[in-house]
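The values are calculated or read from the model by the stated rules, or taken from the named source; none is laboratory data. Owing to the predicted nature of the structure, the values given are computational and were not obtained by experimental measurement. Every residue, glycine as well, gets a Cβ built from its backbone with ideal geometry; the counts of neighbours run over all protein chains shown. Surface areas here come from the heavy atoms of the whole protein model, side chains and all, with no ligands, DNA or RNA. Shrake-Rupley method; radii C 1.70, N 1.55, O 1.52, S 1.80 Å.
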Amino acid sequence: MGLWGFLIFGMRSSGDLDAALRWERLVIPVIPFVGVFFYHFSLLITRAQSNRRLLIFFYLLTVLFVALAPTNLVVTGMELRAYGNAPVFGALFPLYLMSVYLPVFLGIYALVKGYSGSRAREQSNRFTYILIGAGCSLVGGTTDILAAQEIIPYPGGMIGNVLFASFATVALLRNRLLELRVVLRRG
């Protein structure tokens, strides 16, 4: 998500539309990876039975968008908007959206299922923090798409991602979801 934020900052602050398009072509493959990694993480944290084929499909679809990023099939160009540079969507943008949103929705579903099956309060709290954060990120990302279509005036994707990172950090640290000593020792 940090790489996503950095690339979006580069795109929005570019001085000309050609430079903005180069930044956008770099961010195109990053965003689906965030979605697939979230889905994979959700399966692992909830210990849900995973459909290995579906997970492989999402990873392969993401790799496909790595290959398609330099073409005009996902994004055809850039436009200057009141908030900065914005992409002009190409013919495969709906498939691109599916490759981002479907794994996120499946990850949220796995977390909701894990929450409802959880007996321990600490585990329920973990899932709650991550679900709230994921919801913030999802709403924020959706505002980016709506702003690019001039439905709303300003994108909130980065704000949503900061909120997601904040809630995930609280979940990790407060509920000991990640043993920092072990990570530091192994690192």
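A few points about this structure:
- Screening the candidates ALA86, ALA48 for the property of being assigned to a loop (DSSP other than H, G, I, E, B), in contact with a helix residue (DSSP H, G or I) (Cβ under 8 Å, 6 or more places away or on another chain) and at pLDDT below 95 yields one hit, ALA48.
- Residue in the stretch 96-108 that is more than 30 Å from PRO153 (Cα to Cα), open to solvent by 20 Å² or more (accessible area, probe 1.4 Å) and not aromatic (Phe, Trp, Tyr) present: no
- Where a residue in the stretch 107-119 is small (Gly, Ala, Ser) and at pLDDT below 95 and its partner, wherever it lies, is part of a loop (DSSP other than H, G, I, E, B) and open to solvent by less than 20 Å² (accessible area, probe 1.4 Å), with Cβ under 8 Å and at least six apart: none
- Residue list for the stretch 14-52, filter: open to solvent by less than 70 Å² (accessible area, probe 1.4 Å), more than 21 Å from LEU95 (Cβ to Cβ) and small (Gly, Ala, Ser): SER14, ALA19, ALA20, SER42, ALA48, SER50
- Selection count where residues are of a type in the set (Ser, Thr, Tyr) and either open to solvent by 80 Å² or more (accessible area, probe 1.4 Å) or more than 19 Å from the chain's Cα centre (by Cα) (or both), scope the stretch 53-72: 1
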